[in-house]
1. Give, as a single signed number, the net charge of other residues whose beta carbon lies under 13 Å from the beta carbon of Val83, with Lys and Arg counted +1 and Asp and Glu -1.
2. Could you pull out every residue, at least 5 positions away or on a different chain, whose amide H is within less than 5 Å of the one on Thr206? Hs are placed 1.01 Å off N in the peptide plane, and Pro or chain starts have none.
3. Evaluate E = 1/(1 + (r/R0)^6) for Lys220 and Asp86, where r is the Cβ-Cβ distance and R0 equals 25 Å; express this FRET efficiency to the nearest 0.05.
4. Taking a 27 Å limit on the Cα-Cα distance, which of the listed pairs Lys85/Lys178; Lys66/Lys98; Lys85/Lys220; Lys98/Lys220; Lys62/Lys104; Lys115/Lys220 fall beyond it?
5. Got a sec to turn the phi values of the range 173-179 into Karplus ³J(HN,Hα) couplings, 6.51 cos²θ - 1.76 cosθ + 1.60 with θ = phi - 60°, whole Hz, x for Gly and Pro?
6. How much length, in nm to one decimal, is gained on full extension between Asp126 and Thr208, taken as 0.36 nm per residue of separation minus their Cα-Cα distance?
7. What list of ³J(HN,Hα) values in whole Hz, one per residue of the range 115-127 in order, does the Karplus curve 6.51 cos²θ - 1.76 cosθ + 1.60 (θ = phi - 60°) give from phi, with Gly and Pro shown as x?
8. Between Val156 and Ala255, what FRET efficiency follows from the Cβ-Cβ distance if R0 is 35 Å, with the result rounded to 0.05?
Amino acid sequence: MKILAAIFAASIGVTLAVVATSGSSIAAYTGATSMVVPGDQLVYEIAIELQQHHITTSAAAKTQDKAAESSAEGTETFAIYAVGKDGVAFATVDASFKGIENGKPFESHTMTTAKVLPDGRLRVRDQFGLGISDAMSFANTMSAEIARHVLRLGAVWTTQLTTPYARVIMQRKVANLKTYQGFSAYEVQSQGSGELIKTNDGIPATGTVAITGTSYYDRKDHLFIGEAVRTLMVVQPAASSHDNYSATMQVVLNAWTHGTPAPAAPSAAPPVPGTSPAGTPELRYASPAPIPSIYGSTPVATITPRQGP
């Protein structure tokens, strides 16, 4: 049975094609104004739970379930040190996580760099396993979609998510407008289902994918506030067995601190195009697919907004 972290990692770097096919009118986000300024800090809390079940049935009708579980929780703190003319903010990121990986405790602390795009997407240079980067990828996909749509209560649209490994149709609905962490945030509910195309090693696969979730987005500040997603993938490799891969992922904005002292930009930080005194080429930041090769559960996932400023 494959290790959960390896299954998630295999999906990183897959390009996602997002095509809006129906629903509310499209309004492409073209503003270059960033919602953050140098000295700001954004702290996101991330929690992941992963499960894998390999279920086999013998000739004697006995069922055997080999299970593996992993989990991770922690924070990514984005310290903004520069904002380009195109509205892209550059940040250092302090990522700290702890959890259990296949029964063994783990702890990680990483310093890296990132971009905060004007529509709220968070592009972290380094990728993290155990579904951590995948959770942020789901959040980024939602931010990009919301930026292209006019948000109003009751608005609906359909999105086709396509990777080399799966095809999924997502139904989105703007269900509510709430005060969340002191922000006025739209609540967007998602329901998706689809089919597998092949495994991450290129072998044709038969199976299904289900994704549900609830996202919160502050349209005024173009800021991603929070999201809870549950996914389930069922693979049928043989008549007498099947594999279930499930995940529960939560990303929540814990704090937006204004005006903190700006940290010094690291030597490897990406320059702003056209403004870098060194004139070095811009570093590339990964945008992983939001449909890794393992994903799980189904009732609509929700997160409870904190009240107050």
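Read-outs throughout are calculated quantities, based only on the coordinates presented, and are distinct from any laboratory measurement. No experiment lies behind these values; they were computed from the predicted model shown. Don't worry about glycine lacking a Cβ; one is built from the backbone with ideal geometry, like all the others, and counts go over all protein chains shown.
1. Working: positive: Lys85, Lys115; negative: Asp40, Asp86.
With Lys, Arg at +1 and Asp, Glu at -1, the net is 0.
2. Excluding prolines and chain starts, which carry no amide H, the hits are Gln236.
3. Details: r = 20 Å, r/R0 = 0.81.
For R0 = 25 Å, the calculated efficiency reads 0.80.
4. Exceeds cut-off: Lys85/Lys178; Lys98/Lys220; Lys62/Lys104.
5. 9, 7, 9, 6, 10, 10, 8
6. 26.5 nm
7. Taking θ as phi minus 60°, the curve returns 10, 10, 7, x, 8, x, 5, 10, 9, 8, 5, 7, 9 Hz for the range 115-127.
8. The value I calculate is 0.60.
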